[in-house]
Amino acid sequence: MQSDIGLIGLAVMGQNLALNIADHGFAISVYNRTTAKTDEFVKENPKTPGKLTGCPTMKDFAASLKKPRKAVILVKAGGPTDAVINELAAVFEPGDIIIDGGNALWTDTIRRERELKAKGLRFIGSGVSGGEEGARFGPSLMPGGDPAAWAELKPIWEAVASKVDAVTGVELTGATPGKPIKGGVPCVAHIGPDGAGHYVKMVHNGIEYGDMQMICEAYDLMRGLLGMTPDEIGTTFEEWNKGDLNSFLIEITAKVLKQKDPETRHGRRRPDHRRSRLRPLPLRREGRTRQGRQGPPRPEARDDEPGQGQGHRTDPRRPLLLQDLLLRPGLPAHARSPERVQVEAQLRRDRPDLARRLHHPRELPAEDHRSLRQEALAG
């Protein structure tokens with residue numbers, strides 16, 4: 001029996017995505033440069049709902065696939081991806097489809113699509129988000145490429161993608177090996193032509209890094225200004241994750257802060273944390289920054305603002321709510337919590353020029369949006 005799809009590259013992401021595909025009943029062929037790794041992977045997973053077939057050579061891999069052939073590449077971006085594409089193109093036929101699921105530069109995807117099209121091959125560049133766990137039980141997928149090629153891949157990509165509730169948008173969880181999520185709306189859509197999928201994945205990553213920076217800011221406000229312990233901060237993040245700031249990053253931040261070092265019983269940090277670039281901005285305390293330089297006087301606390309009972313103006317959620325506002329300014333009314341509405345109203349009251357620019361950024365094309373974020377957070 002020939003396979004519905006193939007996958008090349010059996011590192012952790014490749015193995016997990018292959019098992020995810022097999023869990024949904026699709027027969028899948030796998031190939032790895034090291035044959036021993038292919039044999040070991042197939043041997044360790046003998047009872048998947050969809051059959052796993054290991055292939056010792058690229059020629060065997062191509063011969064094992066139904067036409068039009070579909071093959072996912074999950075190898076290191078750049079030169080290694082080009083090398084695998086060239087090998088695959090040599091054994092594929094016109095009309096076959098190559099899918100790059102790595103973190104490719106979107107301009108490389110445009111180039112590859114153009115080169116393969118000249119050979120009669122079709123190409124899809126697909127962002128894959130969710131890490132190892134997502135690959136195994138449901139990633140967010142961002143495919144870009146020829147619409148006809150997407151139509152061939154769509155049934156598989158929609159089956160293996162993460163699912164959310166159609167009404168609430170909340171992710172459906174609880175998948176286990178051999179028992180994937182049933183129902184829900186798949187987190188996948190055809191983004192556009194050639195490099196569109198990888199371009200959106202790049203933007204997606206940038207938003208994620210921005211969120212991580214804001215989480216660092218909130219942590220430092222609570223740790224440095226309010227004197228909260230990591231455990232107390234973790235509890236606060238758990239509460240935030242139940243409301244407007246519900247997200248995977250907030251969830252895992254709470255879990256990380258709740259972890260204790262078995263020797264010191266304090267919160268754990270990576271050995272290279274001092275070299276991290278995700279450093280909080282300096283905090284102003286009583287007119288001075290933490291580096292000791294004179295800063296502008298702090299405004300008086302106001303009783304009508306959230307989180308002001310301790311005699312300070314800083315609500316630790318403010319950076320995160322503002323970040324969310326900057327990234328998703330047009331949320332409908334039913335999706336906006338009271339806290340978000342309050343932050344929006346305060347922004348319009350205190351900085352009407354900034355509020356206008358957030359919703360109409362094209363009016364000021366010369367403005368640097370990074371500086372706008374800094375202005376918002378300084379408010």
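Taking Tyr209 as the residue in question, decide whether it is part of a helix (DSSP H, G or I) and touching a Leu at 6+ places or on another chain (Cβ under 9 Å). Give the steps one after another, and end with the answer.
Details: part of a helix (DSSP H, G or I): yes; touching a Leu at 6+ places or on another chain (Cβ under 9 Å): yes.
Against the criterion (part of a helix (DSSP H, G or I) and touching a Leu at 6+ places or on another chain (Cβ under 9 Å)), Tyr209 qualifies.
Given the criteria open to solvent by less than 50 Å² (accessible area, probe 1.4 Å) and over 21 Å from the mean Cα position of the chain (by Cα), does Gly145 qualify? First the steps, then the outcome.
Values: open to solvent by less than 50 Å² (accessible area, probe 1.4 Å): yes; over 21 Å from the mean Cα position of the chain (by Cα): no.
No: the conditions fail for Gly145.
Taking the residues in segment 33-48 that are touching a strand residue (DSSP E or B) at 6+ places or on another chain (Cβ under 9 Å) and not charged (D, E, K, R) as candidates, determine which candidate is most open to solvent (accessible area, probe 1.4 Å).
Pro46
Could you list, in sequence order, the residues of segment 176-185 that are in a loop (DSSP other than H, G, I, E, B) and free of Cβ contacts under 8 Å to residues at least 60 places away in the same chain?
Within segment 176-185, Ile181, Lys182, Gly183, Gly184 meet the criteria.
Are there any pairs with C-beta distances below 6 angstrom linking a residue in segment 237-264 that is surrounded by 13 or more Cβ atoms within 10 Å (Cβ to Cβ) and at pLDDT below 85 to a residue that is not hydroxyl-bearing (Ser, Thr, Tyr) and not in a loop (DSSP other than H, G, I, E, B), with the two at least 6 apart or on different chains, and if so which?
Partner pairs satisfying both residue conditions: Asp244/Glu339; Asp244/Arg340; Leu245/Leu320.
For residues that are crowded, with 23+ Cβ neighbours inside 10 Å and in a loop (DSSP other than H, G, I, E, B), tally how many sit in segment 122-138.
Going through segment 122-138 one residue at a time, the tally reaches 1.
So, in segment 95-107, of the ones that are closer than 20 Å to Ala11 by Cβ and open to solvent by 20 Å² or more (accessible area, probe 1.4 Å), which residue ends up farthest from the chain's Cα centre (by Cα)?
The extreme case among them is Leu105.
Considering (1) open to solvent by less than 60 Å² (accessible area, probe 1.4 Å); (2) touching a residue at least 40 places away in the same chain (Cβ under 8 Å); (3) aliphatic (A, V, I, L, M); (4) not in a loop (DSSP other than H, G, I, E, B), say which one Met202 fails and leave the rest.
Checking Met202 against (1) open to solvent by less than 60 Å² (accessible area, probe 1.4 Å); (2) touching a residue at least 40 places away in the same chain (Cβ under 8 Å); (3) aliphatic (A, V, I, L, M); (4) not in a loop (DSSP other than H, G, I, E, B), the one that fails is (1).
Pick from segment 1-14 the residues that are farther than 24 Å from Ala151 by Cβ and open to solvent by 50 Å² or more (accessible area, probe 1.4 Å): which of them is nearest to the chain's Cα centre (by Cα)?
Selected residue: Met13.
Which count do you get for residues in segment 148-175 that are part of a loop (DSSP other than H, G, I, E, B) and either open to solvent by 40 Å² or more (accessible area, probe 1.4 Å) or under 27 Å from Met202 (Cβ atoms) (or both)?
11
Of all residues in segment 127-174, how many are touching a Lys or Arg at 6+ places or on another chain (Cβ under 8 Å) and without any contact (Cβ under 8 Å) to a residue 40 or more places away in the chain?
Number of matching residues: 3.
How many residues does segment 64-94 contain that are of a type in the set (Phe, Trp, Tyr) and surrounded by fewer than 23 Cβ atoms within 10 Å (Cβ to Cβ)?
Total satisfying the criteria: 0.
Taking segment 212-227 on its own, how many of its residues are within 17 Å of Asp244 (Cα to Cα) and surrounded by fewer than 20 Cβ atoms within 10 Å (Cβ to Cβ)?
Result for segment 212-227: 1.
Tell me the residue from Lys70, Lys47, Lys59 that is free of Cβ contacts under 8 Å to residues at least 60 places away in the same chain and either within 19 Å of Glu133 (Cα to Cα) or charged (D, E, K, R) (or both), please.
None of the other options fit; the residue is Lys59.
Run Met58 past the list (1) surrounded by 15 or more Cβ atoms within 10 Å (Cβ to Cβ); (2) within 27 Å of Phe137 (Cβ to Cβ) and report the number of the one that doesn't hold.
Evaluating Met58 over (1) surrounded by 15 or more Cβ atoms within 10 Å (Cβ to Cβ); (2) within 27 Å of Phe137 (Cβ to Cβ) leaves (2) as the failure.
The values are calculated or read from the model by the stated rules, or taken from the named source; none is laboratory data. All values reported here derive from a predicted model rather than from experimental measurement. Reconstructed Cβ throughout: ideal geometry from the backbone, glycine too, with neighbour counts over all protein chains shown. For accessibility, only protein heavy atoms count, side chains too; no ligands or nucleic acids. Shrake-Rupley method; radii C 1.70, N 1.55, O 1.52, S 1.80 Å.
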